[in-house]
Amino acid sequence: MVREGSDKKYAVYEVYSQGDGSGDFTGSNVVKNEYLASWLPLKGPFRPFIYQPGDSYVKCGPHKLVWRYRNRVCFIPSGKGSLKDFGFEIAPTPWSDISQVNVFDSRVKWYRYDQARERSFIPIDELWTSKK
């Protein structure tokens, strides 16, 4: 869920994890956390002393991936400026409830950092209905 103020932007998100590698998110070993990402007005007197006071990242376990308001999660960990493969993979899906998740569904496409790939916008509501 994304919330907007005049110059303050927020996203509430849930992170689910399970450590047995089965891909089953219905078991009792599933851990759910809810977080708030925020993009707030910059603070500081002038460059290079300005900073983002919000939590402009998405936390996944011990990792924090860069989040850009309104709809972007990056493959780069928060605090790392370099563009390279950090080993993260992201799979956009239209599922809105954890009970729907099937990591083995043939429609799921996993993305990983690829310097040669052009930027693309993936509209979730058309993800599995569009013809490419």
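The values are calculated or read from the model by the stated rules, or taken from the named source; none is laboratory data. Bear in mind the structure is a predicted one, so any value in this text is a computation, not a measurement. When we count neighbours, we look across all protein chains shown, and the Cβ atoms used for this are built from the backbone with ideal geometry, even at glycine.
A compact table of results
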{"item": "Of residues in the range 14-28 being surrounded by 13 or more Cβ atoms within 10 Å (Cβ to Cβ) and either touching a Leu at 6+ places or on another chain (Cβ under 8 Å) or under 19 Å from residue 58 (Cα atoms) (or both), the one modelled with the lowest pLDDT", "result": "18"}
{"item": "Members of the range 30-47 found to be surrounded by 12 or more Cβ atoms within 10 Å (Cβ to Cβ) and either of a type in the set (S, T, N, Q) or under 24 Å from residue 104 (Cα atoms) (or both), listed by number", "result": "30, 33, 38"}
{"item": "Residue within the range 29-44 that is modelled with pLDDT of 85 or more and on the phi > 0 side of the Ramachandran plot present", "result": "yes"}
